[in-house]
Amino acid sequence: MIHITLPDGSRREFPGPVTVAEVAASIGSGLAKAALAGKVDGKVVDASHRIEADAHLAIVTAKDAEGLEVIRHSTAHLLAYAVKELFPDAQVTIGPVIENGFYYDFSYKRPFSPEDLQAIERKMAELAARDEPVTRRVLPRDEAVAYFKSIGEHYKAEIIGGIPAGEDVSLYREGAFEDLCRGPHVPSTGKLRHFKLMKLAGAYWRGDHTKEMLQRVYGTAWATKDELQQYLTMLEEAEKRDHRKLGRELDLFHLDEHSPGTVFWHPRGWTVWQVVEQYMRSVYRDNGYQEVKGPQILDRALWEKTGHWDKYRDAMFTTESEKRDYALKPMNCPGHILIFKQGIKSYRDLPLRYGEFGQCHRNEPTGGLHGIMRVRGFTQDDGHIFCTEDMILDECVAYTALLQKVYADFGFTQIIYKVATRPAARIGAEEVWDKAEFALMESLRRSGCTYEIAPGDGAFYGPKIEYTLKDAIGRQWQCGTMQVDFSMAQRLDAVYVAESGERRHPVMLHRAIVGSLERFIGILIEQFAGALPPWLAPVQVSVLNITDAQADYARSVAKTLQNQGLRVQLDLRNEKITYKIREHSMQKPPFILVVGDKEMAAGAVAVRARGNKDLGVMSLEAFVQKAQEDVASKSVV
C-alpha cells in the first residue's frame, strides 16, 4: 500500500503506484479538472508523475503561486509551438518564466513584425483550443542531441551538449511540437487560455554580444481573464505614469548620450532632489546618525581586502595614476570603515551610526539602463552602524520602525519584508551566519512584521532584510535594506576597546532606506503620476494675474509666499487667464492663485487646488496657513 498525506493532514491509501492526477480524481471531479500539477514532498511535478512510495502531496491548481508558474512555463512552450507552426524554418532556443510572464528566443532569417506577433498569438489560441495533451519522455543526453540535430534544432542540441555525459534529459510534446524542458507542465494545452504577447526585442545567444542576435518574444499569462485584464490595465496606467515621459513634460531632468547612465537635473527636478535629501538628512540628525563624506576613488588594494574586487570588478569603473590602480566606488562601506578606524573607539562609543549621501558608480550594461531608475551614477542614503553583537537586535528593530515612518511620509504604507539568507559563495563562519540570520528574523518578529524567506539571496558578507514598497498601481519596488556583516570590519582590521580592555571587531550593519535617490525619485514620480504632494512639489504655488493692472499685487503675493517658505512661480505674461490656468495645470502644482481687481481690492486670492478644484476666494493669510499646514503634514492627498 502507498499512503498519501494531504495538506490538511488526512491520508489516502492506494494499492500501488499512483499519479498525481489519480489522487486528485479520488478526492473529487472538480479538483481533478482543476489540477495543473502536484507538489510531492515539496517538489512541484507534472500531474502525470507517478508516486511510488509514501509521500506528502498537495494538488497544485491555478490558484496557487506554483500553478501560475506552471501556466507561464507552459505558455512559453505554446508560443514556441505556434512559431514553429507559422515559421517552420525558425529555430527555438530558450523560453523561461520571468516576472509576470515569460519570453522565448528564436533564430529566424528575418525580423518578426508586429503583424507576425498578432498572427502568433492567434495561432497560440488555436492550439490551446485543440486541448492537446502534454506528454513527457526521457532520453539519454547523446540520444537527445542526435534527435534535435535530426530535426534541425541546432541551438537545442548545443544546450543539451552542455549537460554532463551520461545524464538523461526530459522532453515535452504537445501535438507536433516537442521541446527540451525540465518541466513541470500543464496536462494539456486547453489549460492555457489567458495570455497575451507583449513585445519584440533582440537578445544575443547566451547573452554573448559576439554571437548571433536572436529575436525575443515577450508574453504574459494569468490564471483568469480578470487577472489578465487587470494586469493589462495596470500596464496602461504605468505607461501614463512613466517617469521618463513625465520628466520631460514637467521639465525635471533629461538623459544624454554624452554621459549615458547619468542624470542631468533641471532646476525643478533638482528642487525635488533637495527636498528628499534634506528630509533624509533630518532623519539622520533625529536618529543619532553622524553625517560623513568619503572620497569617490579608492585604491584597488582596499577593494581586494573587502572582497568587492572579486565580486564586482566587472561593474567597477577603474583608473590608474602613478602606477597605482583605483576604482570609482560602487558602494560606500569601505570608506566608512576607514573613518571609523581614525582614533581609538571604545565600547562606550557604540552604537556608532554614520550616514552619507554617497555618490556611487556601477558600470551597468547599456541594455539594462532605464531612465533614472537604473543608472550608472547614483547617490545612496547610505548608513552604517558599528555595534556589538548584543546591540544588533535593538538596532534592527529601531531601524524597521524608522523606515516605516519614512515610507509613510512619502505615501507608501504597504511594505513587503523578505529575509535574504546565505548565498553559496560567501565569506565568514557558519555560526556567524546563524547569528546574523536569527537576529534579522527575530527583529522582524518583534516589529510585528510578517516576512518571507529569500533563500540564498544574501550578500556575500552577510544576510539582509529587503524592504519592498507597493505603489499606487500595485507594482513592487525593493528600496530599503538592512544587512548584518561580521566580516568586513575584521578584514580591514577595525577595532574598538571592549569593557574588558581587549580589542574586538565591531559588527557592521549596512542600511539604506530610500536606496538610490535617483531611483526613488523616479518611483515617486510614477507613484503620484507627476502630481507630487505639496511638501515634495517643485512648484507649490503658481500666482497668475488677469491683467497688467494686478501685476504689482501679484508680485507682492508671490513675495509674501516666498517669505513664508513656499516655492512659488509667478506668471505675469499678457495672455488670457484661461490659457495660463490650463498651461500651469499641466505642470501639476498643488495650488494656482488667480488675482484680479476684486482680489487685489480685498487683499485676497482666488484659489484653485490641483485637479481643477475651485476653493474659492480667501485672504492671503488664510491661504498661507492652509498651504503651510498641507506642507507640514506631508499630506499625500
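For the range 573-595, which residues satisfy the criterion of being surrounded by fewer than 17 Cβ atoms within 10 Å (Cβ to Cβ) and not β-branched (Val, Ile, Thr)?
ARG573, ASN574, GLU575, LYS576, TYR579, ARG582, GLU583, SER585, MET586
Is there a residue being under 18 Å from the mean Cα position of the chain (by Cα) and closer than 28 Å to GLN342 by Cβ anywhere in the range 355-369?
yes
Yes or no, residue by residue, for (1) under 21 Å from PRO589 (Cβ atoms); (2) β-branched (Val, Ile, Thr); (3) out of contact with any His (no Cβ under 9 Å at 6 or more places or on another chain):
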position	(1), (2), (3)
GLN215	no, no, yes
TYR218	no, no, yes
ALA221	no, no, no
TYR231	no, no, yes
LEU255	no, no, yes
PRO260	no, no, yes
PHE264	no, no, no
PRO267	yes, no, yes
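Determine, yes or no, whether ILE59 is more than 27 Å from the chain's Cα centre (by Cα) and over 22 Å from THR189 (Cα atoms).
no
Every residue, every condition in (1) under 21 Å from ALA439 (Cα atoms); (2) among the β-branched types (Val, Ile, Thr), yes or no:
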{"residue": "THR468", "(1), (2)": "yes, yes"}
{"residue": "ILE473", "(1), (2)": "no, yes"}
{"residue": "GLN483", "(1), (2)": "yes, no"}
{"residue": "GLN490", "(1), (2)": "yes, no"}
{"residue": "ALA537", "(1), (2)": "no, no"}
{"residue": "ALA549", "(1), (2)": "no, no"}
{"residue": "ARG555", "(1), (2)": "no, no"}
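For the range 235-281, give me each residue that is without any contact (Cβ under 8 Å) to a residue 24 or more places away in the chain and within 20 Å of GLY480 (Cα to Cα).
GLN274, GLN278
Of all the residues that make up the range 1-23, how many are over 20 Å from ARG137 (Cα atoms) and either hydrophobic (A, V, I, L, M, F, W, C) or part of a strand (DSSP E or B) (or both)?
Counting residues in the range 1-23 that are over 20 Å from ARG137 (Cα atoms) and either hydrophobic (A, V, I, L, M, F, W, C) or part of a strand (DSSP E or B) (or both) gives 11.
Can you find, within the range 341-369, the residue that is surrounded by the fewest Cβ atoms within 10 Å (Cβ to Cβ) among those that are touching a helix residue (DSSP H, G or I) at 6+ places or on another chain (Cβ under 8 Å) and under 25 Å from GLY207 (Cβ atoms)?
Among residues in the range 341-369 that are touching a helix residue (DSSP H, G or I) at 6+ places or on another chain (Cβ under 8 Å) and under 25 Å from GLY207 (Cβ atoms), the one surrounded by the fewest Cβ atoms within 10 Å (Cβ to Cβ) is ASN363.
Checking GLU52 against (1) more than 31 Å from the chain's Cα centre (by Cα); (2) surrounded by 18 or more Cβ atoms within 10 Å (Cβ to Cβ); (3) more than 20 Å from ALA176 (Cβ to Cβ), which test does it fail?
Unmet condition: (2).
So which of GLY458, GLY428, GLY474, GLY462 ends up being at pLDDT below 95, within 23 Å of ASP394 (Cβ to Cβ) and within 18 Å of the chain's Cα centre (by Cα)?
GLY458
For the range 233-262, what are the residues that are part of a helix (DSSP H, G or I) and within 15 Å of ALA537 (Cβ to Cβ)?
LEU246, GLY247, GLU249
Conditions (1) within 25 Å of the chain's Cα centre (by Cα); (2) free of Cβ contacts under 8 Å to residues at least 60 places away in the same chain; (3) part of a loop (DSSP other than H, G, I, E, B), marked per residue:
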{"residue": "GLY190", "(1), (2), (3)": "no, no, no"}
{"residue": "MET198", "(1), (2), (3)": "yes, no, no"}
{"residue": "LYS211", "(1), (2), (3)": "no, yes, yes"}
{"residue": "VAL217", "(1), (2), (3)": "yes, no, no"}
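If ALA512 satisfies every condition in (1) surrounded by 17 or more Cβ atoms within 10 Å (Cβ to Cβ); (2) in contact with a helix residue (DSSP H, G or I) (Cβ under 9 Å, 6 or more places away or on another chain); (3) small (Gly, Ala, Ser) but one, which is the exception?
(2)
Could you tell me how many of the residues in the range 94-118 are surrounded by 14 or more Cβ atoms within 10 Å (Cβ to Cβ) and either under 30 Å from the mean Cα position of the chain (by Cα) or part of a strand (DSSP E or B) (or both)?
So the count comes out to 13.
Here are TYR312, TYR284: which of them is touching an Asp or Glu at 6+ places or on another chain (Cβ under 9 Å) and aromatic (Phe, Trp, Tyr)?
Residue meeting the stated conditions: TYR284.
How many of the residues making up the range 598-637 are within 25 Å of LEU536 (Cβ to Cβ) and part of a helix (DSSP H, G or I)?
So the answer is 14.
Looking at (1) modelled with pLDDT under 95; (2) in contact with a Gly (Cβ under 8 Å, 6 or more places away or on another chain), find the lone condition where ILE4 falls short.
Going through the list (1) modelled with pLDDT under 95; (2) in contact with a Gly (Cβ under 8 Å, 6 or more places away or on another chain), ILE4 breaks only (2).
I'm checking my understanding of the structure. Among residues of the range 125-135 that are surrounded by 16 or more Cβ atoms within 10 Å (Cβ to Cβ) and in contact with a strand residue (DSSP E or B) (Cβ under 7 Å, 6 or more places away or on another chain), which one is nearest to GLY207 (Cα to Cα)?
Step by step, filter the range 125-135, then rank; the result is VAL134.
May I ask you to say which residue of LEU68, LEU31, LEU86 is surrounded by 17 or more Cβ atoms within 10 Å (Cβ to Cβ) and either more than 30 Å from VAL145 (Cα to Cα) or not acidic (Asp, Glu) (or both)?
LEU68
Confirm whether LYS156 is of a type in the set (D, E, K, R), touching a residue at least 24 places away in the same chain (Cβ under 8 Å) and in contact with a strand residue (DSSP E or B) (Cβ under 9 Å, 6 or more places away or on another chain).
yes
Give the residues of the range 219-232 that are part of a loop (DSSP other than H, G, I, E, B) and touching a helix residue (DSSP H, G or I) at 6+ places or on another chain (Cβ under 7 Å), sorted by residue number.
TRP222, ALA223
Any residue in the range 49-61 that is touching a residue at least 40 places away in the same chain (Cβ under 8 Å) and of a type in the set (Ser, Thr, Tyr)?
No, because not a single residue in the range 49-61 is touching a residue at least 40 places away in the same chain (Cβ under 8 Å) and of a type in the set (Ser, Thr, Tyr).
Results for (1) at pLDDT 95 or above; (2) surrounded by fewer than 13 Cβ atoms within 10 Å (Cβ to Cβ), shown as yes or no for each residue.
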| position | (1), (2) |
| --- | --- |
| VAL169 | no, no |
| LEU180 | no, no |
| SER188 | yes, no |
| ALA203 | no, no |
| LYS211 | no, yes |
| GLY219 | yes, no |
| ASP226 | yes, yes |
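Checking GLN564 against (1) in contact (Cβ under 8 Å) with a residue 60 or more places away in the chain; (2) surrounded by fewer than 20 Cβ atoms within 10 Å (Cβ to Cβ); (3) within 18 Å of GLY269 (Cα to Cα), only one condition comes out false. Which one?
(3)
Quick check on my filter: what residues within the range 331-360 are assigned to a strand (DSSP E or B) and more than 12 Å from PHE386 (Cβ to Cβ)?
GLY355, GLU356, PHE357, GLY358, GLN359, CYS360
Which members of the range 282-330 meet the condition of being touching a strand residue (DSSP E or B) at 6+ places or on another chain (Cβ under 8 Å), assigned to a loop (DSSP other than H, G, I, E, B) and touching a residue at least 40 places away in the same chain (Cβ under 8 Å)?
Within the range 282-330, ASN287, GLY288, VAL292, LYS293, GLY294, GLN296, MET316, PHE317 meet the criteria.
Please list, ordered by first then second residue, the pairs with beta carbon atoms under 8 Å, 6 or more apart or interchain, first in the range 103-122 and closer than 18 Å to ASP89 by Cα, second in a helix (DSSP H, G or I) and modelled with pLDDT under 95.
ASP105/TRP205; SER107/TYR155; SER107/TRP205
If you check ARG422, ARG491, which single one turns out to be at pLDDT below 95, touching a helix residue (DSSP H, G or I) at 6+ places or on another chain (Cβ under 7 Å) and more than 26 Å from THR379 (Cα to Cα)?
ARG422
The values are calculated or read from the model by the stated rules, or taken from the named source; none is laboratory data. These numbers were taken from a predicted model, which means no experiment stands behind them. Every residue, glycine among them, receives a Cβ derived from its backbone with ideal geometry; neighbour counts consider all protein chains shown.
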